[in-house]
Amino acid sequence: MARTLYDKLWDSHLVRTESDGTGLIYIDRHLVHEVTSPQAFEGLKLAGRKPWRVDSIVATADHNTPTTDWDKGIEDPISKLQVDTLDANIREHGAKAYFPFLDQRQGIVHVIGPEQGATLPGMTVVCGDSHTSTHGAFACLAHGIGTSEVEHVLATQCLVQKKMKNMLVRVSGTLAPWVSGKDIALALIGKIGTAGGTGYAIEFAGSAISQLSMEGRMTLCNMAIEAGARAGMIAVDDKTVDYLHGLNFSPKGELWSAAEKYWRTLRTDDGASFDLTIDLDADQLIPQVSWGTSPEMVVPVDGRVPDPEKEKDEVKREGIERSLVYMGLQPNTQIADIKIDKVFIGSCTNSRIEDLRIAAHVVRGKHVANNVKLAMVVPGSGLVKAQAEKEGLDKIFVESGFEWRQPGCSMCLAMNNDRLEPGERCASTSNRNFEGRQGAGGRTHLVSPAMAAAAAIEGHFVDVRRLATN
Amino acid sequence: MEKFLKLEGLVAPLDRANVDTDAIIPKQFLKSIKRSGFGVNLFDAWRFKDVGEPGVDVSKRTVNPDFVLNQSRYQGAQILLARKNFGCGSSREHAPWALSDFGFKAVIAPSFGEIFFNNSLKNGLLPIVLRESEVEQLFSDVNAFDGFKLIVNLEEQVVSTVDLAKAFAFDIDPFRKHCLLNGLDDIGLTLQHVDQIKQFEERHRASQPWLFS
Ligand code: SF4
């Protein structure tokens, strides 16, 4: 029978099925970071258990680590304890690879997996972090898990799962210059809502998806979770294979040939059926900006903040009203009239080399606007940072008035010192605009790196296509 | 895990959609390396007017009297009534830990964020999906009657009013139900299949050796 990519990944990892259809699936790659693992290691120890296969583990410290003054270490004692706990746990049990704080290759867990070749097509990838969906860009079945599940995977190398339904998001047409994977993600969530993908594994396909680079595909799969889907994925093509060639943990020699042959089968068969298909037209897509406190509250840059009066559904209307108050916005305001205080280019959504190249291209020879108090670039990993410096991107940013920081999650969730103050408004390339996400009382607008860079220069949102062609 | 027995509890309404896990337990509290103690900071940004930091004595903080869980009529509530997509966002298990620690044993909503839903089940916090119209009725009941309680009967898969005048059936995965009713730990159950996992692993290694190199 014709199968979808998700069906194939599921079938190839199914250890057993219970009578009620629940599956036990085998996990190939377990990514571990400091925030969601301490309680899992502790639980393991209390039960007198050992990790099943430590060479499935790739670990790093990213959520709590500072992005400045690395020579001072981690000043916050509570954050430090968490990072030290991860160090101790990995020291005790071992791992395939560990990139601790201060390591050259440390970085955001979803950036380092792919760049090390620790994420390979056909794998099941889990991590105690919802944005694990990122790795689906490599035709993996990748999803976030909770701490109990982290412990379960440590102890058994398996996960108890119900099979999800299949959703196809077909993006036809061609993306215009300066329109990116981020804009596809935001437009999709605007269309289907943050619960639109609940219960589904999403496969992204179509001409505009083939057009995307691996970085763009990771951005898109990263945000599948914001559409409610635990997993997003994209079939293997030449770009996937080329990206992986020669990476640290990619197979070599004969193994590479065998692997490549298998990877090329990782696509949906002709005639396979999906439970739901959503169509998007890339030709119509323009840069997107979120205005509210949920990623579904998004409009094109030429649009306006909505008017709650026009919303008939009462729960939705109240949601819009509450968001407008929190965001300090008036109904019907032009998006281009919204002034910003801070700019954050970073996070597992948009901190890879391509993201930084695009942002640097936009700001080159220009300067951050006077009303912008802080514009910062936080590379996704030490390797991204080194590559950017090799290309001179750091200088472009610094000359334009940006701060160039050390890698980590940083102001995506503001667990370290990088945060918004109450009332501050930020153009951010991260993935969540929830209340308080970037700091208590902070106001987040989600955009692509090109759009964040353009907003930094103008001091308010602007269609990057206009700025970039000037 | 504690067994989930029949529950009769006071209901507290949280009338907003898309309540995310950042709202349930803000990130500054995720720095803990423990599983307990998160209840005092549940919905921290909504319950308090000042910004909370870990380790700060909550009795000295400024309470937001308007937030529903601070109203005297809802003190001691064990059932949270919520709107669609409750628990969306991050995978932090701290969210169900905080709800349980605060005293909640069940959350009723028309839909849930999936990872939150799973995490809750693994911590003996029962997420119950009812239809939108049923949730709507419960919202009007809880607003209308002081001390409004519900009975959750997991065995029968029914939520009912105390006078049994209204009863709504709900679905639950049989395996999850079994685990909750008996307080079973997932890991122990999976480890009953060690041989099967090992056999699978050998086959997998033979067909995709690069995954093990
Ligand atoms: S960058 Fe943000 S979304 Fe990504 S892993 Fe870090 S905190 Fe999570």
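The values are calculated or read from the model by the stated rules, or taken from the named source; none is laboratory data. Everything numeric in this text was worked out from a predicted model, so none of it was measured. Using ideal geometry, Cβ is built from the backbone for each residue, glycine included, and neighbour counts are taken over all protein chains shown. Keep in mind that these areas ignore ligands, DNA and RNA; they rest on the heavy atoms of the full protein, side chains included. Shrake-Rupley method; radii C 1.70, N 1.55, O 1.52, S 1.80 Å.
Numerical summary
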quantity: Filter result (free of Cβ contacts under 8 Å to residues at least 24 places away in the same chain and either within 11 Å of chain B (Cβ to nearest Cβ) or part of a loop (DSSP other than H, G, I, E, B) (or both)) within segment A:26-49; calculated: A:E42, A:L46, A:G48
quantity: Qualifying residue in segment A:270-283 (condition: over 30 Å from A:P66 (Cβ atoms), buried (at least 16 other Cβ atoms within 10 Å of the Cβ) and within 13 Å of chain B (Cβ to nearest Cβ)); calculated: no
quantity: Of all residues in segment A:23-47 being open to solvent by 10 Å² or more (accessible area, probe 1.4 Å) and of a type in the set (G, A, S), the one that is farthest from A:S250 (Cα to Cα); calculated: A:A47
quantity: Cross-chain or 6+ apart pairs with Cβ under 8 Å, segment A:1-25 first and without any contact (Cβ under 8 Å) to a residue 12 or more places away in the chain and more than 8 Å from every other protein chain (Cβ to nearest Cβ), then basic (K, R) and surrounded by 14 or more Cβ atoms within 10 Å (Cβ to Cβ); calculated: A:D11/A:R3
quantity: Test: residue in segment B:161-179 that is within 30 Å of A:A118 (Cα to Cα) and either part of a loop (DSSP other than H, G, I, E, B) or in contact with a strand residue (DSSP E or B) (Cβ under 8 Å, 6 or more places away or on another chain) (or both); calculated: no
quantity: So A:I90, is it within 16 Å of the ligand (Cβ to nearest atom) and touching a Phe, Trp or Tyr at 6+ places or on another chain (Cβ under 7 Å); calculated: no
quantity: Top-ranked residue of segment A:37-72 - restricted to ones that are closer than 28 Å to B:W210 by Cα and hydroxyl-bearing (S, T, Y), ranked as nearest to the ligand (Cβ to nearest atom); calculated: A:T60
quantity: Output for segment B:108-161, where each listed residue is open to solvent by 10 Å² or more (accessible area, probe 1.4 Å), closer than 26 Å to A:G197 by Cβ and more than 13 Å from the chain's Cα centre (by Cα); calculated: B:P110, B:R131, B:E132, B:S133, B:E134, B:E136
quantity: All positions within segment A:415-451 that are within 12 Å of the ligand (Cβ to nearest atom), among the aliphatic types (A, V, I, L, M) and farther than 20 Å from A:I112 by Cα; calculated: A:L446
quantity: Those residues of segment B:27-71 which are in a helix (DSSP H, G or I) and either within 11 Å of chain A (Cβ to nearest Cβ) or more than 30 Å from B:N143 (Cβ to Cβ) (or both), in sequence order; calculated: B:K27, B:Q28, B:F29, B:L30, B:K31, B:D44, B:A45, B:W46, B:K60
quantity: Count of segment B:173-213 residues which are away from chain A (no Cβ under 11 Å) and either surrounded by 12 or more Cβ atoms within 10 Å (Cβ to Cβ) or touching a Lys or Arg at 6+ places or on another chain (Cβ under 9 Å) (or both); calculated: 5
quantity: Residue in segment B:96-104 that is within 12 Å of the chain's Cα centre (by Cα) and of a type in the set (D, E) present; calculated: yes
quantity: Residue identified as closer than 30 Å to A:V150 by Cβ and of a type in the set (V, I, T) among B:T161, B:T190; calculated: B:T190
quantity: Qualifying position, being of a type in the set (G, A, S), within 24 Å of A:I358 (Cβ to Cβ) and buried (at least 19 other Cβ atoms within 10 Å of the Cβ), among A:G292, A:G232; calculated: A:G232
quantity: Selected residue (criterion: nearest to the chain's Cα centre (by Cα)) from residues of segment A:140-178 that are open to solvent by less than 10 Å² (accessible area, probe 1.4 Å) and of a type in the set (V, I, T); calculated: A:I145
quantity: Subset of segment A:431-449 [away from chain B (no Cβ under 11 Å) and within 14 Å of A:A185 (Cβ to Cβ)]; calculated: A:L446, A:V447, A:S448, A:P449
quantity: The lone exception for B:R16 - which of (1) in contact (Cβ under 8 Å) with a residue 40 or more places away in the chain; (2) assigned to a helix (DSSP H, G or I) it fails; calculated: (2)
quantity: Close pairs from segment A:51-74: first farther than 18 Å from A:E403 by Cα, partner within 12 Å of the ligand (Cβ to nearest atom) and among the charged types (D, E, K, R), Cβ under 8 Å, at least 6 apart; calculated: A:A61/A:E34; A:D62/A:E34; A:H63/A:E34; A:N64/A:E34
quantity: From A:L356, A:L413, A:L420, residue being within 14 Å of the chain's Cα centre (by Cα) and in contact (Cβ under 8 Å) with a residue 60 or more places away in the chain; calculated: A:L413
quantity: Every residue from segment A:51-82 that is among the polar types (S, T, N, Q) and either within 13 Å of chain B (Cβ to nearest Cβ) or in contact with a Gly (Cβ under 9 Å, 6 or more places away or on another chain) (or both); calculated: A:S56, A:T60, A:N64, A:T65, A:T67, A:S79, A:Q82
quantity: Complete set of residues in segment A:215-228 that are open to solvent by 10 Å² or more (accessible area, probe 1.4 Å) and closer than 18 Å to A:L244 by Cβ; calculated: A:E215
quantity: Search result, residues across segment B:44-81 that are touching a residue at least 40 places away in the same chain (Cβ under 8 Å) and either of a type in the set (V, I, T) or under 27 Å from A:A40 (Cβ atoms) (or both); calculated: B:V68, B:I79, B:L80
quantity: Count - residues of segment A:376-401 that are assigned to a loop (DSSP other than H, G, I, E, B), more than 11 Å from the ligand (Cβ to nearest atom) and either open to solvent by less than 10 Å² (accessible area, probe 1.4 Å) or modelled with pLDDT under 95 (or both); calculated: 2
quantity: Single residue of segment A:95-148 satisfying the filter (away from the ligand (no atom under 15 Å from the Cβ) and aromatic (F, W, Y)) that is farthest from the other protein chains (Cβ to nearest Cβ); calculated: A:Y98
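Residues checked against (1) among the hydroxyl-bearing types (S, T, Y); (2) touching a helix residue (DSSP H, G or I) at 6+ places or on another chain (Cβ under 6 Å):
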| site | (1), (2) |
| --- | --- |
| A:Y243 | yes, yes |
| A:A259 | no, yes |
| A:W263 | no, no |
| A:L276 | no, no |
| A:D283 | no, no |
| A:I286 | no, no |
